[in-house]
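K.L.:
Starting off with a structure, shown below.
Please treat every number below as a calculation from the coordinates, not as lab data. Here the structure is a predicted model, which means the values were calculated and not measured. Using ideal geometry, Cβ is built from the backbone for each residue, glycine included, and neighbour counts are taken over all protein chains shown.
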Amino acid sequence: MSTIQSFSLPAHSPMRHRDFLFGVATASFQIEGDAGSRLPCIWDTFCATPGKIADGSNGLTACNHVQHWYDDVALIEQLGVGGYRLSIAWGRVMNRDGSVNDAGMAFYIRLLDELNRRGIKPFVTLYHWDLPQYLEDAGGWLNRDTCYAFKDYARAVAEHLGDRVHAYATLNEPFCSSFLGYEAGIHAPGHASRAKGRTAAHHLLLAHGLAMKELRAVLPNTKAGIVLNFTPAYPLTASSSDANAAKLANQYFNLWYLQPLMTGQYPAIIDTLKADERPPVEAGDMDIIQAPLDYLGVNYYTRAMYQAGGELGFEEVRVPGVPRTDIGWEIRPQAFTELLVDLHRQFRLPPIYITENGAAQDDVPVDGKVHDAMRLDYLQQHLLAVHDAITQGVDVKGYFAWSLMDNFEWAEGYSKRFGIVYVDYQTQQRIPKSSAMAYRGLLGEIKAQGAN
Ligand code: FCB
């Protein structure tokens, strides 16, 4: 059990430089609520399907952020962070006929104006998984037309929100939208086929490339990029067959998204797929996908172990006896450093922002306080892991903790808490946990040091 109460970084860490951005992150469907003011999305449908969400919950109210946004911004400011990463609900700002929903857009304009007024840089993700249901009804990410609908949506957002946004991200974790949503069936919309997963992934990447073009055209001076998640793949044993399994898993789960963005090519494992499981790549697609990025958002939580086996040559193994968070993910900060260093060596990467990192803990308030000892340890170790990567040459410009506050954790519902601020879902009271105090302490200390 942890005894730490505060976070620390080495005295000369580049993360103490005033340009290094610390922030907190959320996503629309996970916090907003106010579902009546937006179009239904695939997660509304998924939540209404019995058995899909662990606690049978939904996002209709969530943290009721649409009502509490002003106080939530005040809370963000109190943490002392310089950045806030949020996402736009597509169906809140666009009507079905393609026109803009002015009231919905006005909500984000107010929010962004208030963040800017308080000196907090907004990082805005256009797609954090809440596809309008009417688009899914026409095939969703299996339908190439969805890429063009996304492009139009991106343009409308860029035109209306403009440079109130410090940095745009087209997509959050296309791995989750495509693999979990269309291939493994555990996220919305719940399809389960390899061909569908690979098709959705390709269309998501194409949509990203098309949207980048719109963002560049409307806002040539605003940063634009994408957020990918990485679960580095490690071999279970020292055997060459397990090493190969880990290499294949890495291609299938991680490089499938990064490599096309960097090089315009899918990784070699694509050649082992059956013809009808390969993505529908049309002439010119890979050039669109390869559009230069101003930054790469990296989300890291855990690693995974593999052995040889399975249809594609790899099989995940759950190793017993290792430390895990409340959601069952192994705590492995060294793998975070190794991931960043490996990517830096393999690709010519743009600057990196860590756009998510955090831990689930089964927090319970005691006398109005939440002491999240495991999360304190987790965050401290992962901050140091980022520091280590930077000292090995990786260009990391910022770090966003996931999450500002407890929220709707997708298929886990409200049963898994990731916030550094506790949310009482009955009263909507927010209680900063020990980790929030420690974050604030570190950021205050860095600020004071800069002032000297
Ligand atoms: C990431 C998601 C984020 C949150 C964390 C725990 O995959 O981007 O919305 O659910 O996991």
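K.L.:
Can you find even one residue in the stretch 266-279 that is under 23 Å from the mean Cα position of the chain (by Cα) and not basic (Lys, Arg)? Walk me through how you get there before you give the answer.
P.N.:
Our first condition is that a residue be under 23 Å from the mean Cα position of the chain (by Cα); within the stretch 266-279, this holds for 266-267.
If we keep only those that are not basic (Lys, Arg) as well, we get 266-267.
For the stretch 266-279, residues under 23 Å from the mean Cα position of the chain (by Cα) and not basic (Lys, Arg): present.
K.L.:
What's the total number of residues in the stretch 364-378 that are of a type in the set (Gly, Ala, Ser) and closer than 20 Å to residue 9 by Cβ?
P.N.:
Just the residues of the stretch 364-378 that are of a type in the set (Gly, Ala, Ser), to begin with: 368, 373.
From what is left, the residues that are closer than 20 Å to residue 9 by Cβ are 373.
Number of matching residues: 1.
K.L.:
Then there's this: Would you check which residues across the stretch 162-182 are more than 14 Å from the ligand (Cβ to nearest atom) and surrounded by fewer than 22 Cβ atoms within 10 Å (Cβ to Cβ) and list them?
P.N.:
Of everything in the stretch 162-182, those that are more than 14 Å from the ligand (Cβ to nearest atom) and surrounded by fewer than 22 Cβ atoms within 10 Å (Cβ to Cβ) turn out to be 162, 163, 164, 166.
K.L.:
Of the conditions (1) crowded, with 21+ Cβ neighbours inside 10 Å; (2) acidic (Asp, Glu); (3) under 18 Å from residue 441 (Cβ atoms), residue 377 clears all except one; give me its number.
P.N.:
Among (1) crowded, with 21+ Cβ neighbours inside 10 Å; (2) acidic (Asp, Glu); (3) under 18 Å from residue 441 (Cβ atoms), the lone unmet condition for residue 377 is (1).
K.L.:
Just to be sure before I move on: is residue 300 free of Cβ contacts under 8 Å to residues at least 60 places away in the same chain and buried (at least 19 other Cβ atoms within 10 Å of the Cβ) in the structure I sent?
P.N.:
Numbers: free of Cβ contacts under 8 Å to residues at least 60 places away in the same chain: no; buried (at least 19 other Cβ atoms within 10 Å of the Cβ): yes.
Judged against the criteria, residue 300 is not a match.
K.L.:
Any residue that is surrounded by fewer than 18 Cβ atoms within 10 Å (Cβ to Cβ) and away from the ligand (no atom under 16 Å from the Cβ) - is there at least one of those in the stretch 201-211? Spell out how you get there, then give the answer.
P.N.:
Of the residues in the stretch 201-211, the ones surrounded by fewer than 18 Cβ atoms within 10 Å (Cβ to Cβ) are none.
No, the stretch 201-211 has no match at all.
K.L.:
OK, next. Among the residues of the stretch 389-425, write down those that are of a type in the set (Asp, Glu) and buried (at least 19 other Cβ atoms within 10 Å of the Cβ). Steps first, please.
P.N.:
In the first step, residues of the stretch 389-425 are kept if they are of a type in the set (Asp, Glu); the result is 395, 406, 409, 412, 424.
Scanning the stretch 389-425 gives 406, 409.
K.L.:
Enumerate the pairs (first residue in the stretch 19-46 and in contact (Cβ under 8 Å) with a residue 60 or more places away in the chain and part of a loop (DSSP other than H, G, I, E, B); second residue anywhere and of a type in the set (Lys, Arg) and crowded, with 21+ Cβ neighbours inside 10 Å) with beta-carbon separation below 6 Å, excluding pairs fewer than 6 apart on the same chain, so at least 6 apart or on different chains.
P.N.:
These pairs meet every condition: 38/92.
K.L.:
How many residues are touching a strand residue (DSSP E or B) at 6+ places or on another chain (Cβ under 7 Å) and either away from the ligand (no atom under 12 Å from the Cβ) or of a type in the set (Gly, Ala, Ser) (or both) if we restrict to the stretch 347-367? Give the steps one after another, and end with the answer.
P.N.:
Step one: list which residues in the stretch 347-367 are touching a strand residue (DSSP E or B) at 6+ places or on another chain (Cβ under 7 Å), which gives 349-358, 363, 365.
From the residues that got through so far, the ones that are either away from the ligand (no atom under 12 Å from the Cβ) or of a type in the set (Gly, Ala, Ser) (or both) too are 349-354, 358, 363, 365.
Looking only at that region, the number is 9.
K.L.:
Moving on. Please determine, by comparing only the residues of the stretch 279-311 that are within 16 Å of the ligand (Cβ to nearest atom) and in a loop (DSSP other than H, G, I, E, B), which one is nearest to residue 223 (Cα to Cα).
P.N.:
We begin by selecting, within the stretch 279-311, every residue within 16 Å of the ligand (Cβ to nearest atom); these are 296-304.
Of the ones still in play, those that are also in a loop (DSSP other than H, G, I, E, B) are 301-303.
Values: 301: 25, 302: 28, 303: 29 Å.
By that ranking, first place goes to 301.
K.L.:
Starting from the stretch 226-250, keep only residues that are farther than 29 Å from residue 170 by Cα and among the small types (Gly, Ala, Ser), then list their pairs with residues that are in a strand (DSSP E or B) and away from the ligand (no atom under 16 Å from the Cβ) whose Cβ atoms are within a distance under 6 Å, requiring at least 6 positions of separation or different chains.
P.N.:
If the second residue must be in a strand (DSSP E or B) and away from the ligand (no atom under 16 Å from the Cβ), the pairs left are 243/235; 245/306; 245/307.
K.L.:
Tally time: how many residues in the stretch 268-297 are free of Cβ contacts under 8 Å to residues at least 24 places away in the same chain and among the hydrophobic types (A, V, I, L, M, F, W, C)?
P.N.:
Going through the stretch 268-297 one residue at a time, the tally reaches 4.
K.L.:
Could we say that residue 371 is more than 16 Å from the ligand (Cβ to nearest atom) and either part of a loop (DSSP other than H, G, I, E, B) or buried (at least 18 other Cβ atoms within 10 Å of the Cβ) (or both) here?
P.N.:
Working: more than 16 Å from the ligand (Cβ to nearest atom): yes; either part of a loop (DSSP other than H, G, I, E, B) or buried (at least 18 other Cβ atoms within 10 Å of the Cβ) (or both): yes.
It is true that residue 371 is more than 16 Å from the ligand (Cβ to nearest atom) and either part of a loop (DSSP other than H, G, I, E, B) or buried (at least 18 other Cβ atoms within 10 Å of the Cβ) (or both).
K.L.:
Still on this structure, please answer the following. Across the stretch 90-140, what is the number of residues that are in contact with a Leu (Cβ under 8 Å, 6 or more places away or on another chain), of a type in the set (Val, Ile, Thr) and in contact (Cβ under 8 Å) with a residue 60 or more places away in the chain?
P.N.:
1
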